[in-house]
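The values are calculated or read from the model by the stated rules, or taken from the named source; none is laboratory data. Just so we're clear, the structure is a prediction, and the values are computed from it rather than from any experiment. When we count neighbours, we look across all protein chains shown, and the Cβ atoms used for this are built from the backbone with ideal geometry, even at glycine. Accessible surface is based on the protein model in full, side chains and every heavy atom, while ligands, DNA and RNA are left aside. Shrake-Rupley method; radii C 1.70, N 1.55, O 1.52, S 1.80 Å.
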Amino acid sequence: IGLRSKVLDAEGKSVKESGLIVTGDIGCYTLGTYPPLRALDTTACMGASIGQAQGMQHAGITKNVVAVIGDSTFLHSGITGLINALYNNARITVLILDNSTTAMTGHQEHPGTGFTAQGEVAPVVDIPAIVRGLGITNLQVLDAFDLKKLRISVRAALNSKKLNVIVVRGACAVKAGKKGQPREVDQSACNQCYTCLTLGCPAIRREDGKISIDAAVCAGDACTLCEQLCAHLAIHAVGKK
């Protein structure tokens, strides 16, 4: 969704400053530090993203500061940081990336999945309910694969200059169920702008200047981010134009 301290072109070169600082945490999203995403500015330890974000804001950083944390990390050690952010009136935006698993270390269960580590049924800890219970009113729960809604909501949160929490929900690609139709590139419509490469999707390839999508790797209907991102409508389900 474009949360980068620097806006990059298709070659990964800096184009301009975006006016954001993004504090990262420990999880799969930490890999977003690397090209082509380069989406995070800090990574320290589990739960540190929220504390770092509010520390920067209170220290006088004038840029918008966004904290990114996963669901399992939030439940492990992010709640206390959010309490502190509320208590100290931190004007930051917190993104809780909820894929209902502990994906980084092997897809273990956590208090929000409804199962214990032994696979027994357990009460589900509701993350939005926790946020509301703290007294935070600026809360949204969004679909991770609705790019337009995410962009609108994040921009609104940043412009509000208040504490905002956005829970972004979407199944982990490894655990996703039926993928449906993979995507393909209509070469007659593609103008090689390479914007789709900024997603960092392993299914999207560039060879001899042309973009293609590996159907065996593509998540298909379970994702569609590349299709949403393409301004030239050159990406669509296989067999459909």
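Got a sec? Which residues in the range 216-241 would a label at Ala176 touch, if it sits 7 Å along Cα→Cβ and we count backbone N under 11 Å?
Backbone N within reach: 217-227.
Taking only protein heavy atoms into account and a 1.4 Å probe, give the accessible area per residue of the chain in Å².
Dividing the accessible area of the chain by its residue count gives 52 Å².
Given Cα pairs under 8 Å that are at least 6 residues apart, what percent is the relative contact order of the range 7-157?
16
For the chain, what % of the accessible area comes from carbon and sulfur atoms, probe 1.4 Å?
Whole-percent figure for carbon plus sulfur exposure: 55.
Out of Val185, Val167, Val154, any idea which swings most in a Gaussian network model of the chain, alpha carbons joined below 10 Å?
Highest fluctuation among the options: Val185.
If DNA, RNA and ligands are ignored and the probe is 1.4 Å, what is the ranking of Tyr194, Tyr87 by accessible area, most exposed first?
The residues order as Tyr87, Tyr194, largest area first.
Which order do the peptides 115-121, 158-164, 24-30 come out in when sorted by mean C-beta neighbours inside 10 angstrom, highest first?
Ranked by mean Cβ neighbours within 10 Å, highest first: 24-30, 158-164, 115-121.
In debye, nearest 20: dipole of the range 91-186 around its Cα centre with unit charges on the Cβ of K, R (+) and D, E (-)?
540
For an R0 of 35 angstrom, estimate the FRET efficiency from the Cβ-Cβ distance between Leu86 and Thr195 and round to the nearest 0.05.
The calculated FRET efficiency here is 0.40.
Of Ser188, Ala215, Ala173, which is farthest along the charge dipole of the range 149-241 in the positive direction, counting Lys and Arg as +1 and Asp and Glu as -1 at C-beta?
Ala173
Under a point-charge model restricted to the Cβ atoms of Lys and Arg (+1) and Asp and Glu (-1), what is the dipole moment magnitude of the range 187-241 relative to its Cα centre, in debye to the nearest 20?
In total the dipole reaches around 120 debye.
What list of ³J(HN,Hα) values in whole Hz, one per residue of the range 219-236 in order, does the Karplus curve 6.51 cos²θ - 1.76 cosθ + 1.60 (θ = phi - 60°) give from phi, with Gly and Pro shown as x?
7, x, 4, 6, 10, 6, 4, 5, 5, 5, 6, 6, 6, 9, 6, 8, 10, 7
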